[in-house]
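Q: Quick one: structure below, then a few questions.
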Amino acid sequence: MPLIDDLKIPLEDAEHSRREFLSLLGGGAIGVASLGTAVTAVRFLWPEVLFEEETRFRIGKPEEVPVGTLLALPEQRVYVFHAADGFFAMTAVCTHLGCLTRFEKENNRIFCPCHGSRFSTSGEVTDGPAPKPLPRLQLTIEAGLLVVDSAKVVEQDVILKV
Ligand code: FES
């Protein structure tokens, strides 16, 4: 079957512009698809790595922390307390709505500035809306140093005897 181009019949202007439009549309679609494929291929070359915060960190030598001392580590959101019977670590994040608490040395207590909860140096709630004590965290000794793992919650009565 002969095509209209084979007959050398001149195209009307309307027919001509329709062909150009369809060519442009087809070319554009192929271009967009190629670009999408290229971007996906290039992104595939870079690893999708999630850098997570370090949860284990060294505190120091236990013999350098006197009994009754509470070490506040706001960057790590952790407290380490040297009680009479040993060491324990607890989170500094309030159990009410998750604010960062702070140690008030002059009052010897832990205070949450958000809604006024107060905790003893052992993490027990003494006042305020906080529903439960500050959870204790895993505390170990490695190579003679106290090491806290803030990702591991332990029982409330865990004490590290040194
Ligand atoms: S978040 Fe600490 S008292 Fe509300």
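Every read-out reported here was derived from the displayed coordinates using simple, explicitly stated rules and does not represent laboratory data. All values derive from a computational prediction rather than experimental measurement. Methodologically, a virtual Cβ is constructed for each residue, glycine included, from the backbone with ideal geometry; neighbour enumeration extends over all protein chains shown.
Q: What size of dipole, in debye to the nearest 20, comes out for the chain about its Cα centre when the only charges are +1 on Lys and Arg C-beta atoms and -1 on Asp and Glu C-beta atoms? If you can, show how the numbers build up before the last one.
A: Numbers: 16 positive and 22 negative charges, 129 e Å.
Using only the charged Cβ atoms, the result is roughly 620 debye.
Q: Hey, what angle do you get for helix 13-45 against the long axis of the chain, alpha-carbon based, 0 to 90 degrees rounded to 10?
A: Here the helix axis deviates by roughly 30 degrees.
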